[in-house]
Amino acid sequence: MEFNVIPVIRIFDEQKAREFYLQFLGMSVDWEHRFEDGFPIYMQVSRDALVLHLSEHSGDCTPGSKVFINTPDLDAFYGDVMAKGYAYSRPEIFEAAWGDRMFEVTDPFSNKIVFNETQRT
């Protein structure tokens, strides 16, 4: 059995979300939806196999959530993200108590995203 999980992340400002998720994390918009002009946006962003839904709709999810994302090449992803020069986040790679390597970013809406590389065999 296979599952494909897509976290929904609450956002409050479309432009700040685009700056963080598209410019800083290097994701692309796959699609976006509004019921009418001026209504909240709901969009899907992705980078390779990583897919997230971003929602301005108040009832969709809770701001200040945390998403844990495994990646097989943390150093390459970290290098790419840090090369963007995003002024509001300068994460550092650290080793978790259980031996994995990771770094954490916080989006402009207090959502935390942990990128993890498993060191266990």
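The values are calculated or read from the model by the stated rules, or taken from the named source; none is laboratory data. In this text the structure is predicted, and so the values were computed from the model without any measurement. In this analysis, Cβ positions are derived from the backbone assuming ideal geometry, glycine residues included, and neighbour counts consider all displayed protein chains.
Some observations on this one:
- Between P108, P91, the distinction of being buried (at least 16 other Cβ atoms within 10 Å of the Cβ) and in contact with a Lys or Arg (Cβ under 6 Å, 6 or more places away or on another chain) belongs to P108 only.
- Flag for R34 being basic (K, R), surrounded by fewer than 17 Cβ atoms within 10 Å (Cβ to Cβ) and more than 19 Å from I93 (Cα to Cα): yes
- Taken together, the residues in region 44-56 that are surrounded by 13 or more Cβ atoms within 10 Å (Cβ to Cβ) and either assigned to a loop (DSSP other than H, G, I, E, B) or without any contact (Cβ under 8 Å) to a residue 40 or more places away in the chain (or both) amount to 6.
Every residue, every condition in (1) at pLDDT 95 or above; (2) among the charged types (D, E, K, R); (3) closer than 22 Å to N116 by Cα, yes or no:
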{"residue": "Q15", "(1), (2), (3)": "yes, no, no"}
{"residue": "Q23", "(1), (2), (3)": "yes, no, yes"}
{"residue": "E32", "(1), (2), (3)": "yes, yes, no"}
{"residue": "D37", "(1), (2), (3)": "no, yes, no"}
{"residue": "R47", "(1), (2), (3)": "yes, yes, yes"}
{"residue": "E56", "(1), (2), (3)": "yes, yes, no"}
{"residue": "G59", "(1), (2), (3)": "no, no, no"}
{"residue": "V67", "(1), (2), (3)": "yes, no, yes"}
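- Which listed residue is free of Cβ contacts under 8 Å to residues at least 40 places away in the same chain, among the small types (G, A, S) and not in a loop (DSSP other than H, G, I, E, B), from G59, G79, G38, G85: G79
- Unmet criterion (only one of (1) out of contact with any Lys or Arg (no Cβ under 7 Å at 6 or more places or on another chain); (2) farther than 19 Å from G26 by Cβ) for K66: (1)
- Applying the set (1) in contact with a Phe, Trp or Tyr (Cβ under 8 Å, 6 or more places away or on another chain); (2) at pLDDT 95 or above to S89 leaves exactly one unmet item: (2).
- Test result for V67, assigned to a strand (DSSP E or B), within 16 Å of S110 (Cα to Cα), under 15 Å from the mean Cα position of the chain (by Cα) and among the hydrophobic types (A, V, I, L, M, F, W, C): yes
- Scan of region 1-35 for residues that are part of a loop (DSSP other than H, G, I, E, B) and farther than 17 Å from A49 by Cβ, ordered by number: M1, I11, F12, D13, R34, F35
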